[in-house]
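Visitor: Submitted below is the structure of interest, expressed as structure tokens.
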Amino acid sequence: MNKNILPRTSSPKRYEIKLDIDLENFSYLGIQTVEIQVLENTKSIFLNSIGIKISHASLIAANDKENNNLSVEYFEDEERICLSSKNEIKKGEYKLYLEFNSDITNDLKGFYRSKFLTKKDEEKWIATTQFEPTSARNAFPCWDEPEYKAVFSISIVADKKYLRVSNEKVLSEKEVGDNKVETTFVDSMKMSTYLVAFVIGELEATEIGEAGNTKIRIIHRPGFSDQTNYAGTAGIELLNFFEDYYKIPYPGSKLDLIAIPDFAMGAMENVGAVTFRENLLLIDEEKATRPELNRSVTVIAHELAHMWFGDLVTMKWWDGIWLNEAFASLMEVIAADNKYPEFKLWNEMNLSRSAGFAIDSLENSRPIEFEVATPEEAEEMFDVLTYEKGSTVLRMFEVFIGEEVFQKGVQEYLNKFKYDNTNSSDLWDSLSKASGQPLNEMLPYWIKEEGYPSVSISINDSSLLLEQKRFLLKDIKIENSNKPIPVSIKFLDTDEKFNLILDQTNEKIDIEEKGEVPLVNSGGWGFYHVFYDEKVFNSKSIAINSLLKR
Ligand SMILES: [Zn+2]
């Protein structure tokens, strides 16, 4: 499949981006120097860029002696530019220098503007970013694919009345005339372009406290500091939880949770500058309903889970986005349930599984992971099969290998691939290694095939018979299935428990010693339905009947 990707002839190492922002006229000037590696002799360098006017481009050799002007060609349909040199550019290290200008748009992605009303009903504007999946290219020219990780040094020049926030803490601030201040932030970790963020406006920062060494603030409309306590406290609690769970320090230099008045997503996991819908962070605890509190906690947990899983370690390409989201959706429950057990979030996760069942029992369901060629296809991946089925299938395997073993596998995976990119098989390999179970062979059946099975149970003499079929809502044709299903069985009459991998269509198990009243999918986390035949159903088990009548 022809992915719409940049030719692999150059790659960035460190971006220095200075943006001079005119928030009154919704426009900005950019000066950008990128340390790059040219990977083969060529005359052209391709970058992603859309709607940006480049006024100057030049290439400076590493020894700073040669300075080649580059001509610019725009390919708006392909969302890229071609920078060409008259002479051949030899393989090696360079600095790419660009000057450009663009507008602060009104379309909730890239670098966009957002309006809010103050307590006195005055209209104010902020400018903010939303880059995932492929809108960093709307804000500055870049290698806008997750695999091109680089260090980002961001500077913002703007009227001094504006608060400015980016991924990292402030390195320096200086007055630059015209009532303007230039703020430079410390270098980011090596990361993907879609995680870069900057926000400016007449906003207020409320300092909440620290989690470990990390200072946490909530950035919000002025005058709402008294509504930041609930989400701020959750931020501290949950960041502490994740540092402990992953056993890797938080990868940023500070953490700002930013309440954005106009926001298309629920929240976005930009390292150190996580953006949220305002109502997830500003909470009047006297009036808030339980679902509002629950939602605030779980969304914060979800985004903070991404700081490591997604941000520190990132998928190679967008077909891996489901893993990012499925994993964070599982981690939000693990973390939030640990700190806020009163929300009974595991019960809620059962509803997620039902939502996954509902879509995945249709004949035209899709596999969780599928090939993604274009930005539009990447956006289509943010659905029930990614979040709800993906997270509950992961939960099934977490329970199957044990929660502590799963945690150990995740730690190994993050340590092995930090600042790098992965395919989903890299996680299965780490989990297989940690557990000694063949998850790397089992998971592809669940991830790369659509649909899920039902397991029929019958007892014949002293054998338990299990038979799996694909479950379809409309029983058009019965399809046999041979997914490797992690099955846990508990015998209600003897309390005997055991696990097995059902990886054939039929399996016969000797149960003479185990018991006669099996509860299959004990614990309830299997992503499959169980059907008992009449004999088992009507067996002397009061226990089973009481379970089924619920
Ligand atoms: Zn997410």
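Visitor: Over 5 Å intervals from 0, what percent of Cα-Cα pairs in region 278-394 sits in each interval?
Guide: Result returned by the calculation: 2, 11, 19, 20, 19, 14, 9, 4, 1, 0.
Visitor: Further question: For the chain, which whole percent of the accessible surface, found with a 1.4 angstrom probe, sits on carbon and sulfur atoms?
Guide: Values: 10600 of 23660 Å².
In the chain, the share of accessible area belonging to carbon and sulfur is 45 percent.
Visitor: Once you have a ≥ b ≥ c as the square roots of the Cα gyration tensor eigenvalues for region 106-234, tell me rounded if a/c is under 1.5, and otherwise prolate or oblate according to whether a/b is larger than b/c.
Guide: Because its axes are fairly even, with a/c under 1.5, region 106-234 counts as rounded.
Visitor: Here's a follow-up. I'd like to know how region 187-326 sits against the 2.2 N^0.38 Å rule of thumb: what's its Cα Rg over that expected value? The partial results should precede the final answer.
Guide: Numbers: Rg = 14.5 Å, N = 140, 2.2 N^0.38 = 14.4 Å.
Against the compact-globule rule of thumb, the ratio is 1.01.
Visitor: Counting alpha carbon pairs within less than 8 Å and at least 6 residues apart, what relative contact order, in whole percent, applies to the chain? List each step's numbers first, then the result.
Guide: Numbers: 1214 pairs, mean separation 51.5, N = 550.
Relative contact order comes out at 9 percent.
Visitor: Another question about this same structure. Rolling a 1.4 angstrom probe over the protein heavy atoms, how many square angstrom per residue are accessible across the chain?
Guide: 43
Visitor: Classify region 1-103 as rounded, prolate or oblate, taking a ≥ b ≥ c as the square roots of the eigenvalues of its Cα gyration tensor: rounded when a/c is under 1.5, otherwise prolate if a/b is larger than b/c and oblate if not. Can you show the working numbers first?
Guide: Values: a/c = 1.98, a/b = 1.30, b/c = 1.52.
Cα axes put region 1-103 in the oblate bin.
Visitor: Here's another thing I want to ask about it. Could you compute how much accessible surface MET315 exposes when probed at 1.4 Å, giving the result in Å² to the nearest 10?
Guide: 10
Visitor: For region 236-284, what are Rg and Dmax over the alpha carbons, in angstrom?
Guide: Over region 236-284's Cα set, Rg and Dmax evaluate to 12.2, 35 Å.
Visitor: With an 8 Å Cα cut-off and a minimum separation of 6 or more residues, compute the relative contact order for region 24-140 in percent.
Guide: 32
Visitor: Quick one: Cα convex hull volume of region 70-169, Å³ per residue?
Guide: That works out to 157 Å³ per residue.
Visitor: Just for the chain, what percent of DSSP beta bridges are antiparallel, to the closest 5? Working shown, then result.
Guide: Details: 104 of 129 bridges.
Of the beta bridges lying entirely in the chain, close to 80 percent run antiparallel.
Visitor: Let me ask something else. Only helices at least 15 Å long along their axis, Cα-based, and averaging 1.0 or more on Kyte-Doolittle count here, so list those DSSP H runs from the chain.
Guide: 390-401
Visitor: Counting Lys and Arg as +1 and Asp and Glu as -1, what is the net charge of the other residues whose Cβ lies under 15 Å from the Cβ of GLU286?
Guide: Net local charge, GLU286 excluded: -2.
Visitor: Next up: Between rounded, prolate and oblate, where does the chain land on the alpha carbon gyration tensor, with a ≥ b ≥ c its root eigenvalues, rounded for a/c under 1.5, else prolate if a/b exceeds b/c?
Guide: Here the chain falls in the prolate category.
Visitor: Then there is this: On a C-alpha basis, how far is the centre of region 382-423 from the centre of region 80-102 in Å? Whole number, if you could?
Guide: So the separation of the two Cα centres works out to 40 Å.
The values are calculated or read from the model by the stated rules, or taken from the named source; none is laboratory data. It should be emphasised that the depicted structure is a prediction, and the values quoted were computed from it without experimental measurement. Ideal geometry is used to build each Cβ from the backbone, glycine not excepted, and the neighbour counts take in all protein chains shown. These accessible areas exclude ligands, DNA and RNA; they are computed on the full protein's heavy atoms, side chains included. Shrake-Rupley method; radii C 1.70, N 1.55, O 1.52, S 1.80 Å.
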